[in-house]
Amino acid sequence: MQILLTNDDGIHAPGIRSLQKALTQLGDVEVVAPLSEQSGVGLSITYLHPLMIHQEFEEEQHWGWAVAGSPADCVKLGILEFCPKRPDLIVSGINSGSNVGINVLYSGTVAGAIEGAFAGITSIAISAASSFSNDIKPDYDQYAEQSIPIIKKLLQENSGSNRLWNVNFPETKPEWPRGVKWTSLGVKRHFDVMEKRIDPRGRPYYWSGLDPISNHRLEAGTDIQELSEGFVTVTPLKFDLTDHTLLNETLNGETNRELDLDLQNPG
């Protein structure tokens, strides 16, 4: 099996290093990842200037390709240029910090998987929750090893192409993770935060609040709730943003019905 591995934390991040080693259990792994951190870039692509790449070596052996671009750029290049053959699986991660709830729309990690699904390839985003209040460092080697049976399960039970999955591991704590659960996205926020600070010259600047757990409502069955309780969450995603329910209501069962509007005489 040919696997394409990317992330948004950068090619030198510990999460992608651990995951590359673990994924060799499943097949041949080609790493194509950003040269620098690309967190929060979503599905951005580079088209106003060339994409520069650098080949990475370890012990004089090819390890991967570093791209001065976004995760979506990396996946495009991986599929079209750098994989020896068309990938059978695309994995994005392991991200430092969870990607749950509506924050998946901002996530570069999830965007890497979405780009793979665009190409009709089964794609999985993997992230690991972290907390500033938890003194235990994330165990990326453990997350990577625990990812393998999850990936195998997803491939065995969902064999069609174009599948898209979002996987999140809870914080590293004793006796966690407690298990693995299918979940939906938690899409209801309590609040959003923009913290104002003042620099030494008296000028204001701002930090965006990005805590996906505390900012969201803890609704049963959602990734937010289950992750906070120590479970690995697995959420199937799709990138068709059409509101089909509203569209069908508007069309009253008809197909491609034209709106009764005269745009030549708008007055």
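Within the range 40-88, restricting attention to residues that are part of a loop (DSSP other than H, G, I, E, B) and touching a Gly at 6+ places or on another chain (Cβ under 6 Å), which residue is farthest from residue 125 (Cα to Cα)?
Step by step, filter the range 40-88, then rank; the result is 51.
Look through 123, 130, 147 and report the one residue that is within 29 Å of residue 46 (Cα to Cα) and within 19 Å of the chain's Cα centre (by Cα).
Just one listed residue meets the conditions, 123.
List, please: which pairs have Cβ atoms under 7 Å, are six or more places apart or on different chains, and start with a residue in the range 19-34 that is more than 24 Å from residue 69 (Cα to Cα) and end with one that is assigned to a strand (DSSP E or B)?
From residues that are more than 24 Å from residue 69 (Cα to Cα), the pairs are 26/3; 27/2; 27/3.
So, residue 113, is that one outside any strand (DSSP E or B) and in contact with a helix residue (DSSP H, G or I) (Cβ under 6 Å, 6 or more places away or on another chain) or not?
For residue 113, the condition - outside any strand (DSSP E or B) and in contact with a helix residue (DSSP H, G or I) (Cβ under 6 Å, 6 or more places away or on another chain) - is not met.
Please go through the range 116-145 and give me each residue that is modelled with pLDDT of 95 or more, among the polar types (S, T, N, Q) and not in a helix (DSSP H, G or I), ordered by number.
Across the range 116-145, the qualifying residues are 122, 123, 127.
Please indicate, with yes or no, whether at least one residue in the range 63-70 is under 30 Å from residue 228 (Cα atoms) and of a type in the set (Phe, Trp, Tyr).
Looking through the range 63-70, none of the residues is under 30 Å from residue 228 (Cα atoms) and of a type in the set (Phe, Trp, Tyr).
Determine, yes or no, whether residue 183 is under 24 Å from residue 113 (Cα atoms), in contact with an Asp or Glu (Cβ under 6 Å, 6 or more places away or on another chain) and modelled with pLDDT of 85 or more.
When the stated conditions are applied, residue 183 passes them.
State all residues of the range 42-61 that are in contact (Cβ under 8 Å) with a residue 12 or more places away in the chain and over 18 Å from residue 91 (Cβ atoms); if no residue qualifies, say none. Give the derivation first.
First, pick out the residues of the range 42-61 that are in contact (Cβ under 8 Å) with a residue 12 or more places away in the chain: 42-46, 51-54, 56.
Within the range 42-61, 42, 44, 45, 46, 51, 52, 53, 54 qualify.
Restricting attention to the range 146-170, which residues are part of a loop (DSSP other than H, G, I, E, B) and surrounded by 19 or more Cβ atoms within 10 Å (Cβ to Cβ)?
Of everything in the range 146-170, those that are part of a loop (DSSP other than H, G, I, E, B) and surrounded by 19 or more Cβ atoms within 10 Å (Cβ to Cβ) turn out to be 163, 170.
Does residue 57 satisfy the criteria of being modelled with pLDDT of 95 or more and either surrounded by fewer than 21 Cβ atoms within 10 Å (Cβ to Cβ) or among the acidic types (Asp, Glu) (or both)? Break it down stepwise before answering.
Working: modelled with pLDDT of 95 or more: yes; either surrounded by fewer than 21 Cβ atoms within 10 Å (Cβ to Cβ) or among the acidic types (Asp, Glu) (or both): yes.
For residue 57, the condition - modelled with pLDDT of 95 or more and either surrounded by fewer than 21 Cβ atoms within 10 Å (Cβ to Cβ) or among the acidic types (Asp, Glu) (or both) - is met.
Could you tell me whether any residue of the range 196-209 is modelled with pLDDT of 85 or more, aliphatic (A, V, I, L, M) and surrounded by 17 or more Cβ atoms within 10 Å (Cβ to Cβ)? Please lay out each step first, then the result.
First, pick out the residues of the range 196-209 that are modelled with pLDDT of 85 or more: 196-207.
Filter once more, so that each one left must be aliphatic (A, V, I, L, M): 198.
From the residues that got through so far, the ones that are surrounded by 17 or more Cβ atoms within 10 Å (Cβ to Cβ) too are none.
No: the range 196-209 contains no residue that is modelled with pLDDT of 85 or more, aliphatic (A, V, I, L, M) and surrounded by 17 or more Cβ atoms within 10 Å (Cβ to Cβ).
Among 70, 127, 92, which is more than 23 Å from residue 24 (Cα to Cα) and touching a residue at least 12 places away in the same chain (Cβ under 8 Å)?
After applying the criteria, what remains is 70.
Would you mention how many residues in the range 210-229 are polar (S, T, N, Q), out of contact with any helix residue (DSSP H, G or I) (no Cβ under 8 Å at 6 or more places or on another chain) and modelled with pLDDT of 90 or more?
2
The values are calculated or read from the model by the stated rules, or taken from the named source; none is laboratory data. All of these numbers come straight from a predicted model, not from anything done at the bench. As a convention, Cβ positions derive from the backbone with ideal geometry for all residues, glycine included, and neighbour counts pool all protein chains shown.
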